[in-house]
Amino acid sequence: MSELNAESVLASIVELRESIVESRKETAELRTSLDKSNAELRASIAEQGKRLDAVCERLDEQGKRMDKVLDELRVNNHRVGELTNKVGRIVEKVVVPNIVDKFNEKGFKFDAVSTNVEFLNEKKSGNRNVLRNCSRRWPLLSYSFKYSRLPRI
């Protein structure tokens, strides 16, 4: 029985050595496979990094263009504002001086032309809320409610 045990132990050792050799081969194959996968993954990451860099460069260029467009828009808005102010001044100097006469010809009687006029709104539940002229550039006509008759349309 001791021989049988020695033979079985010897056979087990041989089998164990063979399985260890096979495991080492499989491990080596797995390592080469993993190294290959890692190399592919690193190459893919590097390629994605290059693409990301290209996208970032394009975004930076777009940002610079947007900044330029916004600067031009600010300049144009300023120009439009100046033009609007000039038109307002023209209206104040050309239209306003004669507007009282034109309304008086239509039957309205105006006392004066002025800017920044305040009106009291007494219709809202007895409150005397002050309504202010929002635009300081456009004069309001001060109407005295002493008209003779309304014009016929």
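No lab work stands behind these numbers, since they all come straight from the coordinates. Computed from a predicted structure; not experimentally measured. Cβ: placed from backbone, ideal geometry, glycine included. Neighbour counts: every protein chain shown.
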Would you mind giving the three semi-axes, in whole Å and largest first, of the ellipsoid equivalent to region 1-111 according to its Cα gyration tensor?
-> 99, 18, 6
Summed over the other residues with a beta carbon less than 13 angstrom from that of VAL94, with K and R at +1 and D and E at -1, the charge totals +3
Using Cα-only point scatterers and the Debye equation, what is log10 of I(q)/I(0) for region 1-49 at each q in 0.15, 0.22, 0.23 Å⁻¹, rounded to two decimals?
-> -0.58, -0.77, -0.80
